[in-house]
Amino acid sequence: MPSFLIKNLPAAIHEQLRRRAAEQHRSMNREVIAILQRELTPTAQLPPPVKLKEPIDSQTVVRIIRDGRDSRP
C-alpha cells in the first residue's frame, strides 16, 4: 500500500490531529486517512439555484407567513 511522509507539520496541527484521533478511537494514521477520504470523495451535486421572475421583498415574505398561519384549521 502506498505511503507518504508529512514534513514540517506544525505542532498545533499535530496536537489537533492527536486529539481528534483519540476522540474517534483511531490511530493518527487512520484519522488522517478518514479525513482525506471525506475531503476527497466527490459529493452529490446540488441543483442549480431557483431563479425568481421578480425579487421578493420583506413585505411579501411577511404576507406569505401570515397567510400560512391564517389558513391553519
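Here are the numbers:
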{"quantity": "Residue in the stretch 1-12 that is in a helix (DSSP H, G or I) and in contact with a helix residue (DSSP H, G or I) (Cβ under 6 Å, 6 or more places away or on another chain) present", "calculated": "no"}
{"quantity": "Failed condition for Asn8, given (1) open to solvent by 90 Å² or more (accessible area, probe 1.4 Å); (2) at pLDDT below 95; (3) more than 22 Å from the chain's Cα centre (by Cα)", "calculated": "(2)"}
{"quantity": "Every residue from the stretch 24-73 that is farther than 30 Å from Met1 by Cβ, part of a helix (DSSP H, G or I) and not polar (S, T, N, Q)", "calculated": "Val61, Val62, Arg63, Ile64, Ile65, Arg66, Asp67, Gly68, Arg69, Asp70"}
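The values are calculated or read from the model by the stated rules, or taken from the named source; none is laboratory data. If you're wondering where the values come from, they're calculated on a predicted model, not measured in any experiment. Virtual Cβ from ideal backbone geometry, glycine too; neighbours counted across all protein chains shown. For the accessible areas, the whole protein counts, side chains as well, though only heavy atoms, and no ligand, DNA or RNA atoms are used. Shrake-Rupley method; radii C 1.70, N 1.55, O 1.52, S 1.80 Å.
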